[in-house]
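Inspection log for the structure reproduced underneath, given as structure tokens.
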Amino acid sequence: MFEDGYTLYTNSGQIQRQRQPKQINDTAWARLLEELNATEIDSWEEYKLFYTLLRIGKRANVQPHHFLRAINSDTGEVRVIKIPLHITSAREAVKWISRGQD
């Protein structure tokens, strides 16, 4: 991948150019959620992890999305994961991430 986010590949002998989505790290996601004024839907704490289910998309021009933000109270590490819109609780989101294991 080149610095501008494009990759080159061949298809039937022709060179094709394709833009790859940029990867964004958890810290950048957390900052972006703050800037977009994400709304807290639910929260849940387990051991030393604090989970918050957030929603963006209250404005008319923003498509709605749910994100689960997990913060480790010991290390301060932040993780952000996109969650399906039908999930409405932080605990349910954690269960969805761990493939149904509680």
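7 Å from Cα along Cα→Cβ at both residue 85 and residue 40: what's the point-to-point distance in nm?
The answer from the label model is 2.4 nm.
Give, as a single signed number, the net charge of other residues whose beta carbon lies under 10 Å from the beta carbon of residue 73, with Lys and Arg counted +1 and Asp and Glu -1. Walk me through the intermediate numbers first.
Values: positive: 48; negative: 45, 74, 77.
After counting each charged neighbour, the total is -2.
For the stretch 23-97, take the convex hull of the Cα atoms, compute a quarter of its surface area, and give me that in nm², please.
On the way: hull surface 20.4 nm².
Hull-based average projected area comes out at 5.1 nm².
Based on other C-beta atoms within 10 Å, arrange 15, 87 from fewest to most. Mind dumping the intermediate values first?
Working: 15 8, 87 19.
By the 10 Å Cβ count, ascending, the order reads 15, 87.
What is the spin-label model distance, in nm, from residue 47 to residue 15 if the labels are put 7 Å beyond Cα along the C-beta direction?
Modelled inter-label distance: 5.1 nm.
Readers should treat all values here as calculations from the given coordinates under stated rules, not as data from a laboratory. These figures come from a predicted structure and were not determined experimentally. All Cβ positions, even for glycine, are placed from backbone atoms using ideal geometry, and neighbour counts span all protein chains on display.
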